[in-house]
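The values are calculated or read from the model by the stated rules, or taken from the named source; none is laboratory data. These figures come from a predicted structure and were not determined experimentally. Here the Cβ positions follow ideal geometry from the backbone for every residue, glycine too, while neighbour counts run over all protein chains shown. To get the accessible areas, we keep the full protein, side chains included, count just its heavy atoms, and leave off ligands, DNA and RNA. Shrake-Rupley method; radii C 1.70, N 1.55, O 1.52, S 1.80 Å.
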Amino acid sequence: MAQTQAAPSDPLQTFLQAYVQQAGLPGAVVGISYADGSSRFVAAGLSSAKPNRKMRESARFYIGSLTKMMTSVVILQLASEQRLKLSDHPARWLPPEYAQSIANAKTATITDLLHNSSGIPDYLDGDFFFELVGREPQHGWRNAELLPLIADRDAVFSPGSDYANSNSNYILLGYIIEQIEQAPIEDVFEKRIFTPLDMNATSFGSFPRDRDIARGYDDGDGDGNLEDVTDYDVGDHLADGGVVSNARDMLAFLRGLFADGTLLGPKAIERMITDTRFAGNGSYGYGVMVGQSDWGPVWGHDGTYFGYSAEISWFPDQQTGVVFLTNGRPLNEVPPFTQQLLPALFGNPFQ
């Protein structure tokens with residue numbers, strides 16, 4: 001895949017720099033993949049404030065809930081191999097005590113988990129998980145360890161009757177993957193996604209943090225300032241948000257999923273983006289947000305991780321992918337980066 005370096009006067013560079021400043025972000029990288037297979041990347045701001053280091057196009061970031069797209073891909077691969085059915089109940093793979101104590105585990109389906117329509121409560125609701133993180137900031141959390149945080153809580157609604165974003169759905173999907181494959185989630189993703197797509201800069205998080213990871217900044221204490229929170233593990237090995245990647249690899253993921261057919265067959269992709277649940281401004285398919293823009297449909301996801309934010313978007317009509325990765329969460333109210341980029345990328349839709 002051909003790649004081009006941004007010129008110093010590149011309008012995309014100028015646009016990204018302005019967005020970073022407007023949002024109050026430390027730094028960011030954007031990657032765009034075009035229909036002809038070419039791609040371009042620009043970086044702005046800082047990857048580290050102390051010591052001061054400029055952001056590089058190859059920098060790695062936590063991608064947060066973009067990980068859910070990968071988890072759903074593996075589930076659909078396992079379904080195509082007939083190692084699970086999307087109509088199965090998660091209780092089938094859970095230890096007996098959790099099959100009983102996790103709400104809706106015996107009635108929700110794998111499809112409900114993918115849809116965020118299971119009614120299973122979110123383990124991130126409340127402060128309990130973050131209190132645990134504060135006590136053990138480098139614990140190395142595993143999907144199985146979060147089952148007690150999901151158990152013994154009331155269901156939010158009956159399975160399939162509504163939509164509610166719950167990270168517990170993807171923790172359970174990750175646990176199921178590990179049970180079926182009898183391997184840690186990072187080994188499964190490496191075999192099924194990262195290696196086939198040559199995503200050499202992509203992995204789950206681990207300690208010690210490597211130098212290629214942009215330092216993550218967040219307002220952890222609520223004082224209105226960003227602090228370096230890179231060394232807090234809020235899900236390094238978790239299937240709802242623990243993947244670290246860079247812009248090049250995430251464009252490879254988009255093309256491998258939606259353009260090249262490397263990861264899934266056309267029927268699985270069709271089901272992934274058409275079997276949806278209403279989710280506010282758009283719909284939610286199988287680990288993918290399905291929306292509509294002035295330039296046609298858009299498939300993708302957004303994500304946050306402690307100190308990081310991310311957007312990934314695929315425009316099927318234009319066969320174009322956009323990835324935006326940043327090492328902070330906006331201090332100021334700004335529209336999503338990709339939304340602001342579209343008129344420059346595709347032109348005025350009303351002309």
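Suppose we take every Cα in the stretch 70-202 and form the convex hull; what volume per residue is that in Å³?
Numbers: hull volume 15.3 nm³, N = 133.
Value for the stretch 70-202: 115 Å³ per residue.
Of all lysines in the structure, those lying under 21 Å Cα to Cα from K267, and not within fewer than 8 positions of it along the same chain, are K68, K85. Net charge in the neighbourhood of A28 (other residues with Cβ under 11 Å of its Cβ; Lys, Arg +1, Asp, Glu -1) is -2. Mean projected area of the Cα convex hull of the stretch 8-67, taken over all directions, amounts to 5.4 nm².
Kirkwood Rh over Cα pairs of the stretch 80-120 into Stokes-Einstein at 25 °C, 0.890 mPa s: D in µm²/s?
Details: Rh = 10.4 Å.
The Stokes-Einstein estimate is 237 µm²/s.
Across the accessible surface of the chain, with the other protein chains kept in place and a 1.4 Å probe, carbon and sulfur atoms take up 48 percent.
For the chain, list the DSSP H helices whose alpha carbon atoms reach 15 Å or more along the long axis and whose average Kyte-Doolittle value is 0.5 or above?
Answer set is 67-80.
Give me the 1.4 Å probe accessible area per residue for the stretch 39-78, excluding ligands and nucleic acids, in Å². Write out the running numbers ahead of the final one.
Details: 1130 Å² over 40 residues.
Accessible surface, normalised per residue, equals 28 Å².
Taking label points 7 Å from Cα along the Cα-to-Cβ direction, N281 and N200 give a separation of 3.7 nm.
Taking a Cβ cut-off of under 14 Å around Q13, the surrounding Lys, Arg, Asp and Glu residues balance to a net charge of +1, with basic ones at +1 and acidic ones at -1. Note on semi-axes √(5λ) of the Cα gyration tensor in Å: of the candidates [x] 31, 24, 18; [y] 37, 22, 19; [z] 40, 31, 15, the value calculated from this structure sits at [x]. With the biggest extent put first, the Cα atoms of the stretch 258-310 measure 36, 24, 22 Å across the principal axes.
In Å, what Kirkwood hydrodynamic radius results for the stretch 1-141 from the alpha-carbon pair distances?
Numbers: mean 1/r = 0.0515 Å⁻¹.
Roughly 19.4 Å, rounded to one decimal.
What's the local net charge at S166, with K and R +1, D and E -1, over the other residues with C-beta under 14 Å away?
Working: positive: K68, R153, R277; negative: D112, D122, D125, D154, D162, D240.
Cβ neighbours under 14 Å give a net charge of -3.
In deg cm²/dmol and to the nearest 500, what is the mean residue ellipticity at 222 nm of the chain if only DSSP H runs of at least 4 residues count, each as -39500 (n - 2.57), divided by the residue total? Don't skip to the end; give the middle numbers.
Working: 11 runs with 98 residues, N = 351.
Roughly -8000 deg cm²/dmol at 222 nm, from the helical runs in the chain.
Once the C-beta distance of D231 and K267 is scaled by a Förster radius of 35 Å, the resulting FRET efficiency is 0.20 to the nearest 0.05. Taking label points 7 Å from Cα along the Cα-to-Cβ direction, A259 and H139 give a separation of 4.0 nm. Once both labels are positioned 7 Å from their Cα atoms along Cα-to-Cβ, the gap between E97 and V334 label points is 4.7 nm.
Heavy-atom accessible surface of the stretch 101-260, averaged per residue, reaches 37 Å², computed with a 1.4 Å probe. Multiplying the residue separation of K85 and N52 by 0.36 nm and subtracting their alpha-carbon distance yields 6.9 nm. Here is the tail figure for the stretch 178-263: Cα pairs spaced more than 18 Å apart come to 54 percent of all pairs.
Over the stretch 234-326, the reciprocal of the mean inverse Cα-Cα separation, the Kirkwood hydrodynamic radius, stands at 14.0 Å.
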